Amino acid sequence: MTVTAATGRSPKRAPRPVGREGRPLDHGAWFLVLPALIPILVLSAGPLLYGIGLAFTDSQSGRTSPTQWVGGLNFQDLLHDTLFWDSFRIGLVWAAGVTVPQFLLALGLALLLDQDLRLRPLARALAIIPWAMPEVVVGIMWRLVYNPDAGILNESLRDLGLGGGRDWLSGIGTALPAVVVVGVWAGMPQTTVALLAGLQNTPRELHEAAAMDGAGAWRRFLTVTWPALRPVALAITALNFIWNFNSFALVYVLTNGGPGGRTRLPMLFSYEEAFRYGQFGYAAAMGCVMVAVISVILAGYLAGRLRGGEDA
């Protein structure tokens, strides 16, 4: 320890910077974060910034002349592209049509799996099977289910005397609802797991106290279960909406955007512009619009969470 000659006391050290909770900040902790931070910057932030820059160019495949900076021309063309806005509307309908029933069915399944049932571990394992299957496999499996000639759906309808033989994935009025059903089935397990975890963190004593006060099952759900489950429900619903809006593989395998563009989601439309027609700059502009929409949704969700935290 060093001591000053004049006073014989050790010199005062400069105070360490502190965080919001009053704890000192350890700058060495950044080195522990770097192994996870570097792949995010290289594989996520880097391509995102490159794509934003590409949206302001006339980049095309197969051209011999250098790529030129065109400013906002791609975005101006996008404003008048009715096909893109039709796909954008279909994407919103698809995302909402999958997210809402997905949440409601998952909530019911989570409430059921939270009960003290026989073979409950087996039921929980079976419930997450669709989550463990790749989207391409799910799409191929459901194409077989919807097969107009030998699919199990049409065969069941024929056995019940309800007709059959309909091509569900090629019909103008049935393609989007058929794909929505697959999206709900494929995404419901992850929502169920999240809600089930929230249910298991709810103290049982609160349910017992409400039951002793004479509250019925519905009343206990509204006053005990839902307030404890609401943060998890809001988080998983926001994430599901974003995931569903960005869907690609499932719809690509099922319908490839058909028939007549009835299931052409924005991601599919951008993919076709980039890799079928070679319009890389224009496709990048579409991606920027989708990123902006997702950012607005995330901002609204985070603002709601912050207001909820302040109210609490």
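The values are calculated or read from the model by the stated rules, or taken from the named source; none is laboratory data. Please read all numbers here as calculations on a predicted model, not as lab measurements. Because the Cβ atoms are built from the backbone with ideal geometry, glycine has one as well, and the counts that use them run over all protein chains shown. What goes into the accessible areas is simple: the full protein's heavy atoms, side chains included, and nothing from ligands, DNA or RNA. Shrake-Rupley method; radii C 1.70, N 1.55, O 1.52, S 1.80 Å.
Key figures for this structure:
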{"quantity": "Per-q log10 I(q)/I(0), segment 135-226, q = 0.23 Å⁻¹ (Debye; single scatterer per alpha-carbon; no solvent)", "calculated": "-1.12"}
{"quantity": "Selection from Val193, Gly164, Leu126 lying farthest towards where the dipole of the chain points positive, charges on Cβ", "calculated": "Val193"}
{"quantity": "Highest average packing first - 237-248, 143-154, 122-133, 259-270, Cβ atoms within 10 Å", "calculated": "259-270, 237-248, 143-154, 122-133"}
{"quantity": "Table column - 3J(HN,Hα) (Hz), segment 154-166, Karplus curve with 6.51, -1.76, 1.60, x for Gly and Pro", "calculated": "5, 5, 5, 5, 5, 5, 8, x, 9, x, x, x, 6"}
{"quantity": "Spin-label pair Asp116/Asp213, simplified geometry with 7 Å Cα→Cβ offset, distance in nm", "calculated": "2.3"}
{"quantity": "Per principal axis, descending, Cα span of segment 248-312 in whole Å", "calculated": "51, 27, 16"}
{"quantity": "Ala299 versus Gln76: modelled label distance in nm, points set 7 Å from Cα along the beta carbon direction", "calculated": "2.5"}
{"quantity": "Share of pairwise Cα separations in the chain, more than 32 Å, in percent", "calculated": "50"}
{"quantity": "Built amide H within the under 5 Å cut-off of Thr57, gap 5+", "calculated": "Val70"}
{"quantity": "Sequence of Met141, Met188, Met286 from largest to smallest accessible area, 1.4 Å probe", "calculated": "Met141, Met188, Met286"}
{"quantity": "Heavy atoms of Leu206 accessible to a 1.4 Å probe, total area in Å² rounded to 10", "calculated": "90"}
{"quantity": "Charged-residue dipole, Cβ positions (Lys, Arg, Asp, Glu), segment 124-261 about Cα centre, Debye nearest 20", "calculated": "220"}
{"quantity": "Inter-probe distance in nm under a simple model that places probes 7 Å from Cα toward Cβ, at Ala123 and Arg204", "calculated": "1.6"}
{"quantity": "Estimated 222 nm signal from helices in the chain, with DSSP H stretches of n ≥ 4 weighted -39500 (n - 2.57), rounded to 500", "calculated": "-20000 deg cm²/dmol"}
{"quantity": "Total charge dipole magnitude, the chain, about the Cα centre, Cβ charges on Lys, Arg, Asp, Glu only, Debye to nearest 20", "calculated": "1020"}
{"quantity": "All-pairs Cα distance distribution in segment 207-277, expressed in whole percent, bin size 10 Å", "calculated": "17, 28, 16, 15, 15, 8, 1"}
{"quantity": "Whole-number D in µm²/s for segment 54-152 (Stokes-Einstein; Kirkwood sum over Cα pairs; 4 °C, 1.567 mPa s)", "calculated": "69"}
{"quantity": "Segment 198-312 - accessible surface per residue (Å², probe 1.4 Å)", "calculated": "53"}
{"quantity": "Potential extension, Tyr277-Leu144 segment - 0.36 nm per residue separation minus Cα distance", "calculated": "44.9 nm"}
{"quantity": "Carbon/sulfur fraction of accessible area - the chain, other protein chains in place, 1.4 Å, %", "calculated": "65"}
{"quantity": "Kirkwood hydrodynamic radius of segment 222-262, Cα pairs, Å", "calculated": "12.5"}
{"quantity": "Convex hull projection area averaged over all views, segment 155-305, Cα basis, nm²", "calculated": "13.5"}
{"quantity": "Between segment 192-228 and segment 257-299, the Cα center-to-center distance that results, in Å", "calculated": "42"}
